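K.L.:
Below you'll find the structure I mean.
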Amino acid sequence: MQEQTNEQNNSITLEDLRPRPEEKKTFPDHFMPRLHPGILFDPKKCTGCGTCEMVCSLRNVSKIAPASASIKVLRDEDSVKNFAILCQHCRKPLCIEACPTRAIEKGEDGIVRINKLFCVACGLCTIACPEAAPLQDPITGEINKCDLCDGDPQCVKYCPSGALILTKGKSFRWIKGLRWFVQTISFLLLVVVLIGTFCSLKAGALSLSCPAGVLQNIASSGVVVLVWVLSTFLIIGLTILAGRFFCGWICPFGFFLDLVDKITPKKIGLPSFFKSRMAKYGILIGAVGGSCAFGFQVFCPICPIGSICRSHGAAGTLNGANMGIVAALAGLEVTERRVWCRYFCPVGAILALFAKIGLIKIVIGANQCKKFSCVQCAEVCPMGIIDANKLREGISPEIPMTECITCMRCIDRCPYGAAKIRFRWQKTIPGNIEL
Amino acid sequence: MKLFNNLYNMKVGIVDLSELSSEVISLDEQIVEEKIGGAAINEDLFNQYKEDVPLVIGVGPLTGSFAPASCLAVATFLSPRFGNLCHVPLMLRTGPEMKFSGIDFLVVKGSASLPKIVHIDKGTIRILSAEHLIGVDIPEGLQRLKKEIMDSRSILLTGPAADNGIPGASVSIGFNGSLDKAGLAFLMASKNLKGVIFNGTGGLPFTEDNLKHNETLERKLFEDEGRKNEGFLTMLDKIGIKENLKGVIKKAKWRDMACYHCPSPCMSSVQFTWHDPRKNSRVEDNIFLSDHLGFLALAKKSGRDVFPLSESCRRFGLDPVAVTERLPENESLLESLKAIEKMSITPEEPEIKNESHQIGEAPAEMHKLFGGGIPPILPGELWRKRVCLSMILGVCPIFLVRFQQISESDLLKFLTKNESDLSILEEKIRFILEN
């Protein structure tokens with residue numbers, strides 16, 4: 001009797017082998033991108049020959065049977081474009097959540113696999129997957145899903161046109177580090193060393209000014225002084241060259257908001273009437289109009305950028321009303337990231353106008369983008385200008401350079417190198433010809 | 001020597017449209033031993049059912065296998081345009097899908113009283129009604145079919161031109177057109193056969209050797225010229241194309257496309273913008289270019305309007321060569337478009353000029369034997385032998401006339417590695433080619 005009990009205790013059931021929900025591999029965000037393998041599909045190179053399906057089916061059913069492959073190359077008859085259906089090995093796979101028998105796991109190598117032992121071919125993973133990548137085998141009825149051939153995908157190996165590329169997920173982590181470094185130095189320089197000089201700096205023949213301040217100055221005095229206009233050349237020139245680089249990399253208030261963002265949970269939604277990106281232009285017009293009417297720069301005393309720049313030292317305004325504005329705007333970070341920069345900043349409004357004619361653009365969703373399942377770029381964008389819904393619909397969103405602060409966090413985060421910085425005139429989609 | 005049993009389903013589907021009945025019979029092993037496959041067995045089956053004016057579609061032993069460009073199905077019938085027995089190559093994925101659908105040869109005899117579609121899946125033949133597709137253009141017809149019949153991996157469809165009894169009608173593989181210039185679509189329409197659907201969910205056994213042999217052949221192919229390829233333009237270059245037209249295609253080319261398991265694409269898709277005179281607006285369009293001779297013939301007459309006119313031909317299911325013969329000289333685009341539309345409804349016998357079938361050095365009679373769509377880019381006898389070989393083995397004829405470095409024995413090695421079997425096969429092939 002005792003022996004029998006021991007035997008029962010020692011026997012392993014399928015239930016014991018099945019991964020528990022709490023054991024599902026979930027990795028912290030900072031770790032995941034390094035282990036995000038996948039196959040990149042280049043629709044421009046794909047000839048639709050189906051060799052990938054042939055070799056894939058060999059692994060699934062040991063036959064040349066394209067219908068049983070885990071990769072499907074389909075052609076849209078209207079647009080004459082090929083597209084591939086294959087597992088993206090998502091960061092947070094929905095198929096794992098959907099599987100009622102816990103047959104799907106994400107391994108530590110980042111590969112999402114189906115354990116055929118537990119799979120009952122219910123097809124829920126197919127429904128849950130935004131790519132519909134798990135495919136039911138018409139011969140065996142089993143669910144087939146790409147497992148990257150355990151790291152050596154045959155479809156990539158045999159693709160004659162090189163349209164499939166294995167990626168282990170790349171990350172330009174240095175951009176993030178460099179940006180924090182530049183922001184810290186700029187903050188220390190403008191706030192601690194050169195106190196208040198962001199608004200206006202005169203060193204010998206060199207004269208630098210805030211463009212919003214100069215506009216108000218001109219409006220209040222009614223005189224256009226060429227030196228004032230020329231003193232904005234550095235910041236305007238930088239904007240034409242690199243978009244709103246100032247906002248993303250140099251602005252001390254922007255850096256302050258980034259720091260606040262690190263410790264602020266996003267729990268409250270911003271009322272929709274606040275959410276107008278045109279509001280900043282209104283504030284700019286109001287500031288210029290007010291300056292003209294009252295004869296002094298009406299916005300500068302309450303400008304949060306100026307306030308923070310003037311906050312340090314004996315003449316600082318640490319205890320002044322200005323810092324109350326800074327604190328109030330920092331409080332808005334509980335709603336969205338960089339609320340001030342998105343909707344209200346008049347300096348940003350001026351720079352946005354010049355960024356519109358700038359030399360560069362950010363492009364997301366070139367051939368490598370795994371639009372449906374990744375959307376990491378949309379998650380990290382501090383200005384909220386990357387439309388995740390469009391990405392999920394498979395559409396490459398256009399990035400409005402008037403709103404982009406060129407922080408390059410999307411480029412930094414994209415594990416597939418799909419977010420890129422390009423010159424404005426560079427074509428990023430195939431060009432049409434005029435007949 | 002049962003070399004072929006694994007490469008065939010050993011099944012022949014017989015469809016009697018007069019009786020609306022179908023049966024699947026076994027393929028006679030002796031015929032396979034003697035004739036090997038493709039056009040040779042088709043011809044044999046044609047002769048067996050000669051009295052019923054049959055249409056025979058069949059595949060070769062290599063169709064669907066790891067042999068390069070193993071995409072071919074051959075349609076054999078009495079050409080209503082040329083008056084001789086004709087073998088029309090059906091490329092893209094037709095061959096493999098047919099084989100994977102469970103039958104190797106399909107004989108369609110008699111004619112139905114109402115339009116029908118033949119659907120083949122898992123070795124079962126269904127005859128479906130197609131009355132609602134009469135007069136409907138090809139893209140619309142395809143869309144309706146795909147909605148109604150989910151299991152439709154490869155569709156052969158005739159358009160309104162065939163419905164209206166136009167001898168210059170051409171069958172379309174999906175919305176990709178075909179090389180049918182011999183009146184296959186006309187014959188299908190005369191039988192009230194609107195289309196044939198293959199749903200290839202089965203498979204073929206494979207050997208590791210074949211995969212390696214394929215790699216060796218691909219290396220051999222690209223040793224000299226590398227993988228540089230210009231798709232549709234590569235073939236046009238060989239036939240002879242004007243530089244200005246070449247420039248237009250080059251600019252509009254979006255991507256090269258290949259048939260099943262072809263390492264060297266000879267088709268392209270193009271994107272273009274044109275002024276549609278019917279709507280009086282600019283339209284963005286895409287077109288898949290697969291018919292080299294048809295495109296050249298149309299381009300000769302219409303110059304830069306060739307893209308919209310090709311699209312129109314494809315939409316109505318017309319052969320561009322036949323259209324060119326009837327298209328008036330020096331007409332505006334609007335007039336030409338109207339003329340094509342009229343051609344698809346006016347059952348007017350086109351004047352068949354021999355010149356259009358005498359491009360290159362291949363004898364016109366031989367050219368007509370193979371449907372009139374295979375570019376005759378080799379000297380007559382060599383061209384005939386290469387095309388015959390492809391039609392028997394089930395490999396793309398364009399691929400074989402283009403790459404002479406792929407020898408007969410290179411292909412036969414996919415069937416056997418045994419030296420004595422190989423020499424017997426070579427002997428048989430030689431005998432078939434000579435007769």
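The values are calculated or read from the model by the stated rules, or taken from the named source; none is laboratory data. These figures come from a predicted structure and were not determined experimentally. Glycine also receives a Cβ, built like all others from the backbone with ideal geometry; neighbour counts cover every protein chain displayed.
K.L.:
Looking at B:Asn176 and the list (1) polar (S, T, N, Q); (2) in contact (Cβ under 8 Å) with a residue 24 or more places away in the chain; (3) closer than 30 Å to B:Glu23 by Cβ, which single condition is not satisfied?
P.N.:
Of the numbered conditions (1) polar (S, T, N, Q); (2) in contact (Cβ under 8 Å) with a residue 24 or more places away in the chain; (3) closer than 30 Å to B:Glu23 by Cβ, the odd one out for B:Asn176 is (3).
K.L.:
Suppose the filter is under 22 Å from A:Cys119 (Cα atoms) and of a type in the set (Val, Ile, Thr); does A:Ile96 pass it?
P.N.:
In short, yes.
K.L.:
Among the listed residues A:Asp109, A:Asp137, A:Asp76, identify the single one that is acidic (Asp, Glu) and closer than 21 Å to B:Lys122 by Cα.
P.N.:
A:Asp137 is the lone residue from the list that is acidic (Asp, Glu) and closer than 21 Å to B:Lys122 by Cα.
K.L.:
Taking B:Pro205 and the conditions (1) more than 26 Å from A:Val61 (Cβ to Cβ); (2) within 14 Å of chain A (Cβ to nearest Cβ); (3) surrounded by fewer than 24 Cβ atoms within 10 Å (Cβ to Cβ), which numbered condition does it fall short on, given that it satisfies the others?
P.N.:
(1)
K.L.:
Kindly provide the set of residues from region A:379-426 that are assigned to a helix (DSSP H, G or I) and either closer than 26 Å to A:Ile357 by Cβ or charged (D, E, K, R) (or both), ordered by number.
P.N.:
Result: A:Glu379, A:Lys390, A:Arg392, A:Arg409, A:Cys410, A:Ile411, A:Asp412, A:Arg413.
K.L.:
With B:Lys181, B:Lys251, B:Lys238, B:Lys194 as the choices, which residue is more than 19 Å from the chain's Cα centre (by Cα), more than 11 Å from chain A (Cβ to nearest Cβ) and among the basic types (Lys, Arg)?
P.N.:
None of the others qualify; the one that does is B:Lys238.
K.L.:
Here's another thing I want to ask about it. Would you mind stating whether B:Lys212 is of a type in the set (Lys, Arg) and under 25 Å from the mean Cα position of the chain (by Cα)?
P.N.:
No, not satisfied.
K.L.:
Is it true that some residue in region A:68-81 is within 14 Å of chain B (Cβ to nearest Cβ) and in a helix (DSSP H, G or I)?
P.N.:
So far as region A:68-81 goes, yes, one or more of its residues are within 14 Å of chain B (Cβ to nearest Cβ) and in a helix (DSSP H, G or I).
K.L.:
Please go through region A:40-66 and pick out each residue that is under 31 Å from the mean Cα position of the chain (by Cα) and part of a helix (DSSP H, G or I).
P.N.:
Listed by number, the list holds a single entry, A:Cys52.
K.L.:
In region B:42-58, which residue that is touching a residue at least 12 places away in the same chain (Cβ under 8 Å) and of a type in the set (Asp, Glu) is farthest from B:Cys86 (Cα to Cα)?
P.N.:
B:Asp52
K.L.:
Can we say B:Ile149 is in contact with a helix residue (DSSP H, G or I) (Cβ under 8 Å, 6 or more places away or on another chain) and either among the aliphatic types (A, V, I, L, M) or free of Cβ contacts under 8 Å to residues at least 40 places away in the same chain (or both)?
P.N.:
no
K.L.:
Every residue in region A:259-290 that is modelled with pLDDT of 90 or more and of a type outside the set (A, V, I, L, M), please.
P.N.:
A:Lys280, A:Tyr281, A:Gly282, A:Gly286, A:Gly289, A:Gly290
K.L.:
Restricting to region B:177-202, name every residue that is in a loop (DSSP other than H, G, I, E, B), surrounded by fewer than 24 Cβ atoms within 10 Å (Cβ to Cβ) and in contact with an Asp or Glu (Cβ under 9 Å, 6 or more places away or on another chain).
P.N.:
If the condition is that a residue be in a loop (DSSP other than H, G, I, E, B), surrounded by fewer than 24 Cβ atoms within 10 Å (Cβ to Cβ) and in contact with an Asp or Glu (Cβ under 9 Å, 6 or more places away or on another chain), then B:Thr201 is the only one that fits.
K.L.:
Would you pick out the residues in region B:126-140 that are out of contact with any helix residue (DSSP H, G or I) (no Cβ under 6 Å at 6 or more places or on another chain) and among the acidic types (Asp, Glu)?
P.N.:
B:Glu131, B:Glu140
K.L.:
Let me ask something else about it. For B:Glu361, state whether it is at pLDDT below 85, of a type outside the set (Lys, Arg), surrounded by fewer than 19 Cβ atoms within 10 Å (Cβ to Cβ) and not in a helix (DSSP H, G or I).
P.N.:
yes
K.L.:
Starting from region A:126-146, take each residue that is within 19 Å of B:Ser101 (Cα to Cα) and list its partners that are in a strand (DSSP E or B) and of a type in the set (S, T, N, Q), counting only C-beta distances under 7 angstrom and pairs at least six apart or across chains.
P.N.:
Note: pairs meeting the criteria are A:Leu135/A:Asn144; A:Asp137/A:Asn144.
Residues are listed down the side, and each one gets a yes or a no for (1) over 27 Å from the mean Cα position of the chain (by Cα); (2) β-branched (Val, Ile, Thr); (3) over 25 Å from B:Gly203 (Cβ atoms):
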| site | (1), (2), (3) |
| --- | --- |
| A:Lys92 | no, no, yes |
| A:Pro100 | yes, no, yes |
| A:Ile104 | yes, yes, yes |
| A:Glu108 | no, no, yes |
| A:Lys116 | yes, no, no |
| A:Ala133 | no, no, no |
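K.L.:
Return the residues of region B:102-125 that are touching an Asp or Glu at 6+ places or on another chain (Cβ under 6 Å) and either small (Gly, Ala, Ser) or not in a strand (DSSP E or B) (or both); say none if nothing qualifies.
P.N.:
B:Gly110, B:Leu114, B:Pro115, listed by residue number.
K.L.:
Could you pull out every one of the helices (runs of 4 or more DSSP H) wholly within region A:201-295 that has 2 or more residues that are among the aliphatic types (A, V, I, L, M) and closer than 27 Å to A:Val182 by Cα?
P.N.:
A:211-221, A:226-230, A:233-242, A:252-263
K.L.:
For region B:268-309, give me each residue that is touching a residue at least 60 places away in the same chain (Cβ under 8 Å) and within 11 Å of chain A (Cβ to nearest Cβ).
P.N.:
Once the filter is applied, which keeps residues that are touching a residue at least 60 places away in the same chain (Cβ under 8 Å) and within 11 Å of chain A (Cβ to nearest Cβ), region B:268-309 yields B:Phe288, B:Ser290, B:Val306.
K.L.:
Which pairs have Cβ atoms under 8 Å, sit 6 or more apart or on different chains, and link a residue in region A:261-290 that is within 21 Å of A:Val380 (Cα to Cα) to one that is part of a loop (DSSP other than H, G, I, E, B) and among the charged types (D, E, K, R)?
P.N.:
Pairs found: A:Asp261/A:Arg337; A:Asp261/A:Arg338; A:Lys266/A:Glu336; A:Lys266/A:Arg337; A:Leu270/A:Glu336; A:Arg277/A:Glu403.
K.L.:
While we're on this one: For region B:226-235, enumerate the residues that are in a helix (DSSP H, G or I) and either within 12 Å of chain A (Cβ to nearest Cβ) or over 30 Å from B:Ser65 (Cβ atoms) (or both).
P.N.:
B:Phe232, the sole residue that qualifies.
K.L.:
Looking at region A:111-135 only, could you name the residues that are in a strand (DSSP E or B) and farther than 15 Å from A:Arg59 by Cα?
P.N.:
The answer is A:Val112, and nothing else.
K.L.:
Which one is nearest to the other protein chains (Cβ to nearest Cβ) among residues in region B:149-165 that are within 17 Å of the chain's Cα centre (by Cα) and farther than 9 Å from B:Lys194 by Cα?
P.N.:
Among residues in region B:149-165 that are within 17 Å of the chain's Cα centre (by Cα) and farther than 9 Å from B:Lys194 by Cα, the one nearest to the other protein chains (Cβ to nearest Cβ) is B:Arg153.
Let's see how each residue does on (1) surrounded by 18 or more Cβ atoms within 10 Å (Cβ to Cβ); (2) touching a Pro at 6+ places or on another chain (Cβ under 9 Å); (3) within 14 Å of chain B (Cβ to nearest Cβ):
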{"residue": "A:Gly50", "(1), (2), (3)": "yes, yes, yes"}
{"residue": "A:Ser62", "(1), (2), (3)": "no, yes, yes"}
{"residue": "A:Cys90", "(1), (2), (3)": "yes, yes, no"}
{"residue": "A:Glu108", "(1), (2), (3)": "no, no, no"}
{"residue": "A:Leu117", "(1), (2), (3)": "no, no, no"}
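K.L.:
Moving on to the next point. Could we say that A:Leu241 is touching a residue at least 60 places away in the same chain (Cβ under 8 Å) and over 23 Å from A:Gly358 (Cα atoms) here?
P.N.:
No: the conditions fail for A:Leu241.
K.L.:
What's the number of the only condition in (1) buried (at least 23 other Cβ atoms within 10 Å of the Cβ); (2) free of Cβ contacts under 8 Å to residues at least 60 places away in the same chain; (3) over 21 Å from B:Gly159 (Cα atoms) that B:Pro61 fails to meet?
P.N.:
Among (1) buried (at least 23 other Cβ atoms within 10 Å of the Cβ); (2) free of Cβ contacts under 8 Å to residues at least 60 places away in the same chain; (3) over 21 Å from B:Gly159 (Cα atoms), B:Pro61 violates only (2).
K.L.:
Out of A:Arg342, A:Arg337, I need the residue that is crowded, with 22+ Cβ neighbours inside 10 Å, at pLDDT 75 or above and closer than 19 Å to A:Arg244 by Cα. Which one?
P.N.:
Every option except A:Arg342 fails the conditions.
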